[in-house]
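The values are calculated or read from the model by the stated rules, or taken from the named source; none is laboratory data. All values derive from a computational prediction rather than experimental measurement. Reconstructed Cβ throughout: ideal geometry from the backbone, glycine too, with neighbour counts over all protein chains shown. For accessibility, only protein heavy atoms count, side chains too; no ligands or nucleic acids. Shrake-Rupley method; radii C 1.70, N 1.55, O 1.52, S 1.80 Å.
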Amino acid sequence: MRIWVRSTALVLTALALSSCNLSGGGDGKGFQTFRPGSTLEINQQLTINVVFVGYEEGNGPRQVNLDEFKKVLPAGYSAVNRYPTFYLEKPAKELTGTSFTYKYNIKFAPQAFEDEFFAKLNELAQKQPLTLYQESYNCQADLAAGEPCPGDAPNVSKKITENYWIDAFQTEKWLVENAGKAGVDPKNYTVFFVNWYGRPDFKHHVYVKTDEPDPDTGFNFGEMLASRKMSAWGGSIPDDRQGPGASLGSTARVWFHDLSAGPEAQSDNWDITRADLDGDGKTDYRMPPVWEYGNPKLTYRPFNDLSGDLGKITRYVAINLLFTPSPLYRVTLTPHQIPDDILLNVNFYNEAAAGDKGQDLFDPDLTVALLKALQPINDFAATVRELTYDAQAQCAFESYFDAEVCYPQYALSQQASGAGANAFIDNLLEMKQSGFFQGGADYEIPIFAYNVAGDIPYLGLADDDWRSGTQTLIYAANNPIAKARYGYTTTVTHEVGHHIALSHPHDGYDSASNKDYGPGNEFYYAWLGDMSNSTMSYIDLTAEFGQFNRDAMNRYLVAAYLNSSGAILQAMLEAKKLDPKAVPAPLKEADAKMADALKAYKAMDYSAAVVQAKQAYDIVVASALAAGVSIRNYWFEGYELEPASQHAALRVSSDLKSAPLPINESKALERRMRP
């Protein structure tokens, strides 16, 4: 477990820009939009649609009390750079530059809508055997872990005797196409809360996505594994296809959640008996099947607050993790000269006993294409080569989660040596060798992939610099057992997604409470966020970055281009390379383009906004470089390892020891290898 210390870092100050609009005036130092010397936060008002389908308003055990539901909902959100914030003294936080105020549009679907929708589910339903986790629910025993079934559990409200698969994408597509009948526009962020239970046409069911096997191995997670059967889905993109002619057709921002589906494995809502699932002595809060609300029998907690639970899902899953999430890292990569030509520098360590080459299970062209779809304004490329898996590399890899010392002569900020420090030091030394960097790109992402014969503790990691929360190296790993399912393509794509800013859809940040959280204890149900169209998920049902990823990335970049432009202009002012009383025409053009970008942003046309923002930013960069102003800052330049003998004792914050480690995926393999 990484022990985090806090280090000093710049705390960003925010100047809120109401609804993305900047007022003119002299405080812009000659500009209408740019604010040299200030860090701006783009505030946008968003409509959040919530549609209850199959629920009635009221105070019954399976009814929704809107007052109780609304109590949980946040009024707004201010995004932070999560990993850099870990290094700051609380309550300090490093702001991303994007914030939101929410207007809620809450609807109960009309009867005609419900009848059509559930008829569609019946049409899509395909009879299948019970999943392992539905059987576990009936027994209240963890059959996946080898526990014996003692017979029907006495505390469940009903036994599941049948099961149907329902296509998740087709369900999402129907909701998108018919959202207007429920009084909402699906271009706005929308949650559909579904309850089929209680209708005469109800069928026990799970949602499935079976059209995207692993691109390297062909293993179909969605079809083969019970752990990939779902109760929620959303975030598909317009060109998603499943079957002839199937497409969302236009941009939509819909996620649905169905408490009458399952029970399922990802959120472990099949277990209504045990309070503590991970052995840390704390209750792991999850949302049971809808028919358990009002259950008078002995369960791990009283299921008496459906309204509050749906409010929690709206806030802590849909809004915080999917709709308006905080980035894991700074999107700038090399502030303030943000790169637009990025090379994946992929290096394989092949242990001889593995019997093959890891690079044979990696498709660099596919990874590049997936990243290009996420950031179409930038260029991506990849190089692949092999490094020697020597004794030091083996020690560094195998010691990732223990205290073995591979480099006692060096120290990092957190600890003298051992655990994750070994891999970081070993590969940092590799990077310092002549010829490691390929050249020709603005920025290279160092990726080290381990192809080994023995057990592996993780599938992938996107490490930071151990000093300030800046992204640095990526690790990927595989072994003969995991290779039955996984190649390297999706793992590398996922980890690069982290490196360039994206968080998981199951962990994130709550702005109102200034709390970073993962799927455990009071937020265990955050695992529900994985049931979305994103390669950042843990359920392996797609290799692509979905609509929610793309929206978030574009917003991060617009804010970065805006604020980096301001920082560059300030540097030009300080260097006497810019006269605010006589702003040259190119910079006036850039100022106007950024204003257009913010207008598009306000209209939720984020893809157009980022194009215009980058055009404005590029003009500012060109002006600064022509004037001889240095603006590039790359973490590797000047980064030196500290001799252990000179390593000063640093303060360790006890409250950060238990902080979620969003890039530390030590449990990824355990969760992904579930049956």
Examine the range 181-194 for a residue that is over 20 Å from Val254 (Cβ atoms) and touching a residue at least 24 places away in the same chain (Cβ under 8 Å), and state whether such a residue exists. no
Could you tell me whether Trp233 is open to solvent by 30 Å² or more (accessible area, probe 1.4 Å), at pLDDT 95 or above and within 30 Å of Thr273 (Cβ to Cβ)? no
Those residues of the range 101-131 which are in a helix (DSSP H, G or I) and open to solvent by 50 Å² or more (accessible area, probe 1.4 Å) amount to Gln111, Ala112, Asp115, Glu116, Ala119, Glu123
Take the range 576-635 and flag every residue that is in contact with a strand residue (DSSP E or B) (Cβ under 9 Å, 6 or more places away or on another chain) and within 16 Å of Ser564 (Cα to Cα). Leu598, Tyr634
Determine if the range 363-373 includes at least one residue that is open to solvent by 20 Å² or more (accessible area, probe 1.4 Å), at negative phi and among the polar types (S, T, N, Q). no
Applying the selection to the range 489-509, what residues are surrounded by fewer than 24 Cβ atoms within 10 Å (Cβ to Cβ) and among the hydroxyl-bearing types (Ser, Thr, Tyr)? Thr489
For the range 345-460, give me every one of the helices (runs of 4 or more DSSP H) that falls completely inside it and has 2 or more residues that are closer than 27 Å to Ala484 by Cα and of a type in the set (A, V, I, L, M, F, W, C). 364-374, 391-398
Within the bounds of the range 363-371, is there any residue that is out of contact with any strand residue (DSSP E or B) (no Cβ under 9 Å at 6 or more places or on another chain) and either farther than 14 Å from Ile447 by Cα or at pLDDT 95 or above (or both)? yes
Just the residues that are aliphatic (A, V, I, L, M), open to solvent by 30 Å² or more (accessible area, probe 1.4 Å) and without any contact (Cβ under 8 Å) to a residue 24 or more places away in the chain, please, taken from the range 133-175. Leu143, Ala145
With respect to Val254, is the statement that it is β-branched (Val, Ile, Thr), in contact with a Phe, Trp or Tyr (Cβ under 6 Å, 6 or more places away or on another chain), crowded, with 24+ Cβ neighbours inside 10 Å and at negative phi true? no
Can you spot a residue in the range 537-549 that is in contact (Cβ under 8 Å) with a residue 60 or more places away in the chain, open to solvent by less than 10 Å² (accessible area, probe 1.4 Å) and in a helix (DSSP H, G or I)? no
Identify, please: which residue in the range 592-609 is part of a helix (DSSP H, G or I), in contact (Cβ under 8 Å) with a residue 24 or more places away in the chain and within 19 Å of Ser250 (Cα to Cα) and is, among those, most open to solvent (accessible area, probe 1.4 Å)? Lys602
Among Ser654, Ser658, Ser645, which is at pLDDT below 85, of a type in the set (S, T, N, Q), over 33 Å from the mean Cα position of the chain (by Cα) and open to solvent by 70 Å² or more (accessible area, probe 1.4 Å)? Ser645
What single numbered condition from (1) within 22 Å of the chain's Cα centre (by Cα); (2) crowded, with 23+ Cβ neighbours inside 10 Å fails to hold for Asn188? (2)
Under 9 Å by Cβ, and 6 or more places apart or on different chains, what pairs join a residue from the range 45-68 that is farther than 25 Å from Leu322 by Cα and in contact (Cβ under 8 Å) with a residue 24 or more places away in the chain with one that is assigned to a strand (DSSP E or B) and open to solvent by less than 70 Å² (accessible area, probe 1.4 Å)? Glu56/Gln63; Glu56/Val64; Glu56/Phe108; Glu57/Gln63; Glu57/Val64; Glu57/Phe108
Specify the residue that is nearest to Ala393 (Cα to Cα); the eligible residues are those in the range 443-476 that are hydroxyl-bearing (Ser, Thr, Tyr) and open to solvent by less than 10 Å² (accessible area, probe 1.4 Å). Tyr450
For the range 424-442, name all the residues that are in contact with a Ser or Thr (Cβ under 8 Å, 6 or more places away or on another chain) and either more than 25 Å from Cys406 (Cβ to Cβ) or loosely packed, with under 14 Cβ neighbours inside 10 Å (or both). Gln438, Asp442
How many residues of the range 577-591 are open to solvent by 70 Å² or more (accessible area, probe 1.4 Å), assigned to a helix (DSSP H, G or I) and either of a type outside the set (Lys, Arg) or under 16 Å from Ala559 (Cβ atoms) (or both)? The answer is 2
Might you check whether a residue that is part of a helix (DSSP H, G or I), of a type in the set (A, V, I, L, M, F, W, C) and within 12 Å of the chain's Cα centre (by Cα) occurs anywhere in the range 516-523? no
Which of the following residues is closer than 25 Å to Ala603 by Cα, in contact with a helix residue (DSSP H, G or I) (Cβ under 6 Å, 6 or more places away or on another chain), at pLDDT 50 or above and part of a strand (DSSP E or B): Gln32, Gln45? Gln45
Among the candidates Val206, Val191, single out the residue that is closer than 29 Å to Arg672 by Cα and in contact with a helix residue (DSSP H, G or I) (Cβ under 7 Å, 6 or more places away or on another chain). Val191
Residue in the range 477-488 that is open to solvent by 20 Å² or more (accessible area, probe 1.4 Å), outside any strand (DSSP E or B) and over 30 Å from Trp233 (Cβ atoms) present: yes
Does Thr491 satisfy the condition of being among the polar types (S, T, N, Q), in contact with a Pro (Cβ under 8 Å, 6 or more places away or on another chain) and closer than 30 Å to Ala352 by Cβ? no
